[in-house]
1. Limited to the range 187-200, what total is found for residues that are open to solvent by 40 Å² or more (accessible area, probe 1.4 Å) and either part of a helix (DSSP H, G or I) or within 22 Å of Glu143 (Cβ to Cβ) (or both)?
2. Those residues that are touching a residue at least 60 places away in the same chain (Cβ under 8 Å) and open to solvent by less than 30 Å² (accessible area, probe 1.4 Å), I need them from the range 149-181; list them, please.
3. Just to be sure I understand the filter: pairs with C-beta atoms under 8 Å, separated by 6 or more residues or on different chains, first member in the range 109-135 and within 14 Å of Leu172 (Cβ to Cβ), second member open to solvent by 60 Å² or more (accessible area, probe 1.4 Å) and assigned to a helix (DSSP H, G or I). Which pairs pass?
4. Residue by residue through the range 145-179, note down the ones that are basic (Lys, Arg) and in a helix (DSSP H, G or I).
5. Select the helices (runs of 4 or more DSSP H) contained entirely in the range 67-144, then report the ones holding at least 2 residues which are surrounded by 14 or more Cβ atoms within 10 Å (Cβ to Cβ) and at pLDDT below 95.
6. Which one of these does Pro43 not meet: (1) part of a loop (DSSP other than H, G, I, E, B); (2) over 16 Å from the mean Cα position of the chain (by Cα); (3) within 25 Å of Leu222 (Cα to Cα)?
7. Does Phe59 count as open to solvent by 50 Å² or more (accessible area, probe 1.4 Å), of a type in the set (Phe, Trp, Tyr) and free of Cβ contacts under 8 Å to residues at least 60 places away in the same chain?
8. Please state which of the following conditions Met78 fails to meet, knowing it meets all the rest: (1) over 20 Å from Glu137 (Cα atoms); (2) more than 13 Å from the chain's Cα centre (by Cα).
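The values are calculated or read from the model by the stated rules, or taken from the named source; none is laboratory data. All figures in this text were calculated on a predicted structure; none of them were measured in a lab. So basically every Cβ, Gly included, is an ideal-geometry build from the backbone, and we count neighbours across all protein chains shown. Surface accessibility is based on the protein's heavy atoms, side chains included, excluding ligands, DNA and RNA. Shrake-Rupley method; radii C 1.70, N 1.55, O 1.52, S 1.80 Å.
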Amino acid sequence: MTSEPGFFLHHGNDLPLLAQVLGQRVADSNKLDWFQPDTILIPQPSMQRWLQNSLADQFGIAANLSFRLPGQLIDEVMQPWLPFQDPERHLSIERIHWRIFTLFLDSALLANPAFSAIKHFLQVSDRQRRAWQLAGEVSQVFEKYQAWRREWLLDWHLKADQNDWQSILWHLVSQGRIFRAQAVEAYLNALDKSDCPRPAGLPDRLFIFACQNLSPDVLRILQSFG
C-alpha cells in the first residue's frame, strides 16, 4: 500500500472491510505530525461510534481521530471568506432551529397566505411542541440547501419571494447574520484568481468515509485544497 501524496479511492459495500482499509491508511507511519488528529469526514453523527468501535476492534486502539460532517469542515475552513467575522452572528444549524421556532409562533407571520399550510399544521393543542419539531425539520432542509442550493439561499437572503414561505422564512432568519453559503460563494469566486490563498488550518491529510452524496460545491472545495 503506497503512502505517497495523492487522492486514493476505495469503493465497495462491505463497511467492515472499508473500515479496515481506512485503519491501515490512518496507521501510515509517514504521517507528518503525530500530534495532529486525523480528520475523518462521515455522513452522519451515528457513523462515528460504529467506525470508532470497528477501528478499535480491528487494530486494538482508535485514538486521536477528529470526526466531522462535511458541512462542519467547510464551516471551519471557509471562515475567512465570510462577509465579516462575528461568531455571535454566525448561523449554525442550532441557531437556525431556534430562529425558525420563534417565527413559527408569530401569528402575524402565519397570517401571510404563503404560510397557510404551516398555519394549518400548527393548529393543535400542543402548538409549541409541534412548532419546535417542524422548525427542526426545516432547519435540516436549510442545512442541505447550504450544500446543494447555495444560490437559493443567497437570493432569498437579499430578497424574499412573497409567494414562497421558504424564501420568506430564510430571508427573515438570515437578516443581519452570516452563513456558510456566503463563504462558499466568495471562496469559489476567489478560486478564479491566481492569488487565492489556501485555507488555513487544513489537516495534512483528510479521510472521507461512506460519504456517498457530497455536493458539487463540497467536492470542488476539497479538490482545491490539494
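1. Residues in the range 187-200 being open to solvent by 40 Å² or more (accessible area, probe 1.4 Å) and either part of a helix (DSSP H, G or I) or within 22 Å of Glu143 (Cβ to Cβ) (or both): 1 in total.
2. Leu169, Val173, Ser174, Ile178, Phe179, Arg180, listed by residue number.
3. Taking only residues 6 or more apart or on different chains, the pairs are Leu109/Leu172; Leu110/Lys119; Asn112/Trp165; Ala114/Trp165; Phe115/Trp165; Ile118/Trp165; Ala135/Trp98.
4. Arg150
5. 70-77
6. Among (1) part of a loop (DSSP other than H, G, I, E, B); (2) over 16 Å from the mean Cα position of the chain (by Cα); (3) within 25 Å of Leu222 (Cα to Cα), the lone unmet condition for Pro43 is (2).
7. Taking the combined requirement at face value, the residue satisfies it.
8. Result: Met78 passes all but (2).
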